1. GLU226: over 18 Å from the mean Cα position of the chain (by Cα), acidic (Asp, Glu) and farther than 20 Å from ILE167 by Cβ, yes or no?
2. How about the range 168-195: which of its residues are within 11 Å of ligand 2 (Cβ to nearest atom) and more than 13 Å from VAL282 (Cα to Cα)?
3. Considering only the range 109-119, state which residues are surrounded by fewer than 24 Cβ atoms within 10 Å (Cβ to Cβ) and either under 16 Å from ILE7 (Cβ atoms) or within 16 Å of ligand 2 (Cβ to nearest atom) (or both).
4. Considering only residues that are under 19 Å from ASP70 (Cα atoms), of a type in the set (A, V, I, L, M, F, W, C) and in contact (Cβ under 8 Å) with a residue 60 or more places away in the chain, look in the range 100-117 and name the one that is nearest to ligand 1 (Cβ to nearest atom).
5. Which of the residues that make up the range 1-27 are more than 16 Å from ligand 1 (Cβ to nearest atom), out of contact with any helix residue (DSSP H, G or I) (no Cβ under 8 Å at 6 or more places or on another chain) and among the aliphatic types (A, V, I, L, M)?
6. Taking helices (runs of 4 or more DSSP H) that fall entirely within the range 139-230, which contain at least 1 residues that are among the acidic types (Asp, Glu) and crowded, with 24+ Cβ neighbours inside 10 Å?
7. If you take the residues of the range 120-138 that are assigned to a loop (DSSP other than H, G, I, E, B) and away from ligand 2 (no atom under 16 Å from the Cβ), which of them is surrounded by the fewest Cβ atoms within 10 Å (Cβ to Cβ)?
8. Note down all Cβ pairs under 7 Å where the first residue falls in the range 296-309 and is modelled with pLDDT of 95 or more and within 9 Å of ligand 2 (Cβ to nearest atom), the second is open to solvent by 50 Å² or more (accessible area, probe 1.4 Å) and in a strand (DSSP E or B), and they're at least six residues apart or on different chains.
Amino acid sequence: MNKPLRIGVAGLGTVGVGVVKILSERAEFLSAASGRPWKLVAVSARDASKDRGIDLTGVRWESDACALADADDIDVVVELIGGSEGVARDLVEAALSNGKHVVTANKALIARHGIALARIAEQKAVSLNYEAAVAGGIPIIKALREGLAANEISSVAGILNGTCNYILTEMEATGRDFADVLKDAQALGYAEADPSFDVGGIDAAHKLAILASLAFGQEVSFDDVEIEGIENITAADIKFASEFGYKIKLLGIATRGVGGIDQRVHPTLVPTGSPLAAVSGVFNAVAIEGDRVGQLVLEGRGAGEGPTASAVLSDIVDVARGLVMPPFIVPTDHLKAPSRANVERRSSPYYLRFNAADRAGSMAEITRALADASVSIERIVQRSEGRGKSDGRLPVVFLTHETDEGSMRMALKHLSKLEDVAGKPLVIRIEDSGSR
Ligand code: NAP
Ligand code: HSE
């Protein structure tokens, strides 16, 4: 009989518990699929007394997760703790250095230290697999690493954060407020330990940086991702957008630009009838443009116990089968240095929302400020509800024609000098492109 695959799991939260359940429920099939038995040897988490609803009889408990990296009876360490530093990083580094395979769902770690870790994995000829780190249950890493290897990729874009998509969908469907819906996403196990990573766009940026590296053959460069989150989107914005024929989605977009790769995460207005507008709740969708394959769209649950554990298990199957590949498709010394596109001339239509003084002539001043920055207006809507009751300011929304980023920045500068405009305008790009 072939030697068993001996597994150590660090982290028994939403994902870790899901992994242990599949390990016990599908043991026979997984053994058959990989031609060897699987054995869960040891686990680690903070609180040994917590009831996690899983049977750990006969499984060793390690109070120090890093002990899994040193254990002689473990072949693969599954890191499901999270965080780009601390225990998770120490454990993964030590496991790889000790010649153990690593499977992780930790996008923060891969986005920040993936290349350094891949170098260790390559030196030791072991796997560093991270399918669950991007887009939950969607096999997007395998698609890029294996299925699409023949293609030159020109863009990777999509909905990469389940928590944000869930929040935006619920706010639209029920009119509930942001903080209330975020609590649901946390209870469902979708959100990060620090949910500001989700709503602030950082989690989507971690994932985008990983995808961009795989798609464009350059080192992961999280610091080159422009990031805006959904914290300032209100129920009123969602309603305005709907009246204009759009939905608001948090998108991650990576494309080849002038002088380098353009990577950005931001809320975006997408046409109501477009494929991305139909992606709701915790679902993610990733669209890839390849020169041979054309456009490919993968959609599925982007967070939660089952989908994420499913992705983790697919990585363990590869290890069990003896499949060891460079973590970033090509060996790290073949990856290009990070590059950043010049985005001054990147352009799109925009949605602008702010409160403006309710007095004759204020709109004339505002439209003059926009015109002076060469920003052309497509539509203006001013709401009069609450007139006379509030501070004398009313919400106003502009949709612009196609405008480059430089002009929009100039327009915002002009608006900031007007007494009739209160606070910082909310600015959202509009994607009218048919493919999204
Ligand atoms: P979680 O529910 O917060 O679980 C984290 C686990 O790590 C807990 O079991 C915790 O122990 C354990 N832990 C924390 N500090 C530790 C330490 N110092 N030593 C040992 N164990 C420690 O997190 P999760 O949602 O499962 O996420 C785990 C990883 O998967 C993260 O990298 C996350 O980004 C990623 N991920 C999550 C999802 C998702 O939908 N949740 C999807 C994709 C990827 P206690 O239980 O004892 O407190
Ligand atoms: N917090 C992440 C999300 C988990 O909501 O998408 C999946 O990576």
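The values are calculated or read from the model by the stated rules, or taken from the named source; none is laboratory data. Just so it is clear, the structure is predicted and the values come from calculations on it, not from any experiment. Don't worry about glycine lacking a Cβ; one is built from the backbone with ideal geometry, like all the others, and counts go over all protein chains shown. Surface accessibility is based on the protein's heavy atoms, side chains included, excluding ligands, DNA and RNA. Shrake-Rupley method; radii C 1.70, N 1.55, O 1.52, S 1.80 Å.
1. Values: over 18 Å from the mean Cα position of the chain (by Cα): no; acidic (Asp, Glu): yes; farther than 20 Å from ILE167 by Cβ: yes.
For GLU226, the condition - over 18 Å from the mean Cα position of the chain (by Cα), acidic (Asp, Glu) and farther than 20 Å from ILE167 by Cβ - is not met.
2. Of all residues in the range 168-195, those within 11 Å of ligand 2 (Cβ to nearest atom) come to 182, 185-186, 188-195.
Listed by number, the residues that qualify are GLU192, ALA193, ASP194, PRO195.
3. ARG112
4. Selected residue: VAL103.
5. MET1, ALA27
6. Per the criteria, 196-199, 202-216.
7. ALA125
8. As it stands, the answer is GLY302/PHE283; PRO307/ARG301, since those pairs meet every condition given.
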